[in-house]
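The values are calculated or read from the model by the stated rules, or taken from the named source; none is laboratory data. As the structure is a prediction and not an experimental result, all values here were calculated from the model. Neighbour counts are summed over all protein chains in view; Cβ atoms, including those assigned to glycine, are modelled from backbone coordinates with ideal geometry. Accessible surface areas use protein heavy atoms only, side chains included; no ligands, DNA or RNA. Shrake-Rupley method; radii C 1.70, N 1.55, O 1.52, S 1.80 Å.
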Amino acid sequence: MKADRTDQSSNGRTPEADGEDEPPRRRVRRRRQSGIVAKDRDFVNTLGRGLLVLEAFGASEQVWMNGMEVAERVDLPKPTTSRLLQTLKSLGYLHYSTRRRQYRLGTSILGLGFAAREPFSLGDLVRPYLSELADTFNVHASLAARDQLDVIELEVTHSTKTLMTLRLEVGSRIPLAGTATGHALIAPLPEAELNYLYTLLRERHAKHWEEIKANIETGRREVAAQGYTTAQSSWFTDINGVAAPLVFPGGSPVYALACGAPARHLNATRQREIGQRLVDMTREIERHLQDGDFRDEANTP
């Protein structure tokens with residue numbers, strides 16, 4: 001028989017029951033149970049759920065979705081999802097087509113996107129490096145970050161010398177597991193965060209998890225040994241990649257500088273050449289960050 005938990009609260013509920021140890025996105029998906037009150041009273045579940053609805057559109061390959069499709073994606077009851085959709089529509093963040101009986105992102109969402117990018121001066125710092133990579137090696141070059149179990153492209157530069165490039169733009173997503181960019185983002189994570197991420201990735205990739213985990217571990221060892229990692233025939237069978245982590249002073253957040261191209265244009269020799277240049281670039285950028293050249297204007301008084 002399991003031993004009683006010693007950290008139960010006076011009313012007999014555990015921290016897990018209160019949702020204290022749950023990540024925010026799981027917390028907002030969890031339906032409230034009778035008698036359970038979250039300890040974090042500053043966390044607004046309704047707001048969190050509304051943002052999950054918007055994320056569902058951003059992460060979907062479908063432009064239009066109906067209420068049932070959104071409810072299934074965010075794992076919320078259909079009546080709750082319907083009220084959230086109506087609220088977001090009335091604010092202009094969603095558009096509803098009476099002919100289609102479906103929703104898509106509205107024009108108001110663009111204002112938030114541009115407002116978020118405008119003060120993000122890290123892009124200004126990194127952009128010249130991306131241009132150098134793209135034009136020198138005829139590859140797609142990007143600054144990327146992790147969003148849940150995906151990689152999201154924050155800055156993108158295409159080579160001006162070749163038409164052979166990837167169809168990725170700012171906001172595009174690629175898989176975290178199985179890609180050089182994803183492995184570069186995973187490599188610097190502390191053990192506790194890595195273990196939690198592995199739990200989620202195991203759920204997503206249950207059938208092939210052992211093989212995927214082995215590839216991630218190979219990427220982590222490559223980053224530890226040489227500062228960059230490579231991937232062959234990863235998220236598309238004809239795409240090769242190379243990436244290096246870019247770590248802020250203090251260890252967080254973590255970004256990645258990455259290059260990708262069709263396999264016949266990015267062989268192992270070229271990957272090693274680009275990889276070393278990526279390491280040099282990340283060191284230069286990290287030195288700029290350490291010296292305070294990066295200004296997070298969003299937090300500047």
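The heavy atoms of residue 137 offer some 20 square angstrom of accessible surface to a 1.4 angstrom probe.
Using a probe of 1.4 Å, the accessible surface attributed to residue 170 totals some 70 Å² when neighbouring protein chains are kept in position.
Once the Cβ-Cβ distance of residue 214 and residue 55 is raised to the sixth power relative to R0 = 25 Å, the FRET efficiency obtained is 0.25.
At 1.4 Å probe size, with the rest of the protein present, what percent of the exposed accessible area of the range 153-220 is carbon and sulfur atoms? Carbon plus sulfur share of accessible area: 53 percent. A simple rule links phi to the HN-Hα coupling: the Karplus curve 6.51 cos²θ - 1.76 cosθ + 1.60 with θ = phi - 60°, which for the range 63-68 gives 6, 10, 9, 8, x, 5 Hz, with x for Gly and Pro. State the percent of C-alpha pairs, over all pairs in the range 146-201, separated by a distance greater than 19 angstrom. Here the tail beyond 19 Å accounts for 37 percent of pairs.
Each label point was placed 7 Å from the Cα along the Cα-to-Cβ direction; for residue 124 and residue 221 their separation is 4.3 nm.
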